[in-house]
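Read the structure below first, then the notes.
The values are calculated or read from the model by the stated rules, or taken from the named source; none is laboratory data. Bear in mind that the values here come from a model prediction, so they are computed numbers and not experimental data. Every residue, glycine as well, gets a Cβ built from its backbone with ideal geometry; the counts of neighbours run over all protein chains shown. The accessibility values were calculated without ligands, DNA or RNA, using every heavy atom of the protein model including side chains. Shrake-Rupley method; radii C 1.70, N 1.55, O 1.52, S 1.80 Å.
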Amino acid sequence: MVALPNSIDTAALYTVHWRYIWCVVSEDETPKIPLLFYRSTRGTEPVREWLKELERDDRLAIGMDLLRVQYRWPVGMPLCRPMKDGLWEVRSNLPSKTIARVLICFHRGALIALHGFVKKTQKTPDEDLKLARKRMKEVEDGK
């Protein structure tokens, strides 16, 4: 057990089951950028649904990476990679020894999670990029 100093706000302490991650952020110093999930015209949120299908530990790891992006935007490698034309990928190495990607964009002061998938090849599949770009266009067009 690790004793916390009195100056740490326990509300800002986040844990992942296999390792402790200390995340102490003062709201006065670093603003948190809102993260929204893309919502289809039918009202579904595909990224949120995809996350719910994953193992709990994998969800937590992706959630921590998304949280880091919210507090540190704009973020570079190795956490976040630009995919051209305003599309970014958040890169997560999961406890299940797989690799996940969440494709996001920045729109009107918020990060939008457009598409998520478990990566099976070294190159990001074109169909995943096309889907994310289609959803990004819908967001930008206000559909």
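Taking only the range 37-78 into account, find how many residues are touching a helix residue (DSSP H, G or I) at 6+ places or on another chain (Cβ under 9 Å) and open to solvent by less than 90 Å² (accessible area, probe 1.4 Å).
Within the range 37-78, residues that are touching a helix residue (DSSP H, G or I) at 6+ places or on another chain (Cβ under 9 Å) and open to solvent by less than 90 Å² (accessible area, probe 1.4 Å) number 11.
Counting only residues that are at pLDDT 80 or above and either aromatic (Phe, Trp, Tyr) or surrounded by fewer than 13 Cβ atoms within 10 Å (Cβ to Cβ) (or both), how many does the range 16-36 have?
Residues flagged as at pLDDT 80 or above and either aromatic (Phe, Trp, Tyr) or surrounded by fewer than 13 Cβ atoms within 10 Å (Cβ to Cβ) (or both) within the range 16-36 amount to 3.
Return the only residue of Arg91, Arg101 being open to solvent by 40 Å² or more (accessible area, probe 1.4 Å), part of a strand (DSSP E or B), farther than 15 Å from Leu35 by Cα and of a type in the set (D, E, K, R).
Going through Arg91, Arg101 in turn, just one is open to solvent by 40 Å² or more (accessible area, probe 1.4 Å), part of a strand (DSSP E or B), farther than 15 Å from Leu35 by Cα and of a type in the set (D, E, K, R): Arg91.
Would the range 130-138 turn up any residue that is among the aliphatic types (A, V, I, L, M) and open to solvent by 40 Å² or more (accessible area, probe 1.4 Å)?
Yes: one or more hits.
Counting only residues that are over 10 Å from the mean Cα position of the chain (by Cα) and of a type in the set (Lys, Arg), which one in the range 84-127 is nearest to Met64 (Cα to Cα)?
Applying the filter and picking the extreme gives Lys97.
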